[in-house]
Amino acid sequence: FLAAFVVDRPWMGRKRLQLGGFVLVGFLFFLIGGIMPILERPENTGIFVFLYCLATFFYQFGPNSTTFLIPAEVYATPVRARCHGLSAMSGKLGAVVGEQGIAQMLDSIGLTPMFYIMGAISIAGALTTAFLVPDSRTLDLRAEDQKFVEGWLGKEGAEKFFERSRAGHCANA
């Protein structure tokens, strides 16, 4: 909910929000894993709950709120709906695999290593975001569409494609 208030601010944007969320969740999971022997004491349950809720907040604030926004902007218009659907499908498949993997691993390796693994996965998400996700604040979506369609249909085909779409006709090529 809070992400909706900051995601479009010039100082934030989708990429920074997602990157920051992954980094903070990774840090918090490594912290929880590192102090798990202390957190397992009954008198420290509140600290564990606080740290875990903080990690959940930053996950919801960051990556969870941007995973549907970024694909809606970075794919070219002619393939946007299909690629957005593939992105959504990939995320759901990853969630199922992750949930099943965590359930299986938790029984065999325990809670402390699991937090380290999840922290590493969060940092991997941050690195993937940093190096592979474009900053949509600086994208010129029309220019990106133009480049995509020229690569897809060639220069002449792209001119016809955009002529038809400007004329209001169906732009299926």
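Each value in this text was obtained by applying a stated rule to the coordinates, not by laboratory testing. All values reported here derive from a predicted model rather than from experimental measurement. Neighbour counts are summed over all protein chains in view; Cβ atoms, including those assigned to glycine, are modelled from backbone coordinates with ideal geometry.
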Original post:
How far apart, in nm, are two points set 7 Å out from the Cα along the Cα-to-Cβ line at Phe68 and at Arg142?
Top reply: 2.9
Original post:
How high is the FRET efficiency from Leu2 to Ile102, r the C-beta distance, R0 30 Å, rounded to 0.05?
Top reply: 0.70
Original post:
How about Lys15: which aspartates and glutamates have a C-alpha closer than 13 Å to its C-alpha, ignoring those fewer than 8 places off in the same chain?
Top reply: Glu73, Asp135
**OP:** Could you list which residues have their amide H under 5 Å from that of Met12, counting only those 5 or more apart in sequence or on another chain, with H placed in the peptide plane?
**Re:** none
Original post:
Which of the chymotrypsin sites (Phe, Trp or Tyr not before Pro) found in segment 55-160 are in a DSSP loop and have at most 14 neighbouring Cβ atoms, other than their own, within 10 Å?
Top reply: Phe68
Original post:
What percent does the relative contact order of the chain come to when contacts are Cα pairs within less than 8 Å and at least six residues apart?
Top reply: 32
Subject >> Cβ-defined net charge surrounding Asp8, 10 Å radius [Lys, Arg +1; Asp, Glu -1] >> reply: +3
Original post:
What helices does the chain hold that run 15 Å or longer along their axis, going by alpha-carbon atoms, with a Kyte-Doolittle average of 0.0 or more, using DSSP H for the helix calls?
Top reply: 13-34, 45-61, 80-109, 111-132
Subject >> Calculated FRET value between Tyr116 and Ser90, using beta carbons and R₀ = 35 Å, to 0.05 >> reply: 0.90
Original post:
Net charge near Ser65, counting Lys/Arg +1 and Asp/Glu -1 over other residues with Cβ under 15 Å of its Cβ?
Top reply: +2
Subject >> Matching label, Cα extents along the principal axes in Å computed from the structure shown, candidates [x] 51, 38, 37; [y] 70, 35, 24; [z] 45, 44, 33 >> reply: [y]
**OP:** Find the centroid of the Cα atoms in segment 113-173 and in segment 43-102, then give the distance between the two in whole Å.
**Re:** 19
Subject >> Counted charge near Arg166, where neighbours are those whose Cβ lies closer than 13 Å (Asp, Glu -1; Lys, Arg +1) >> reply: 0
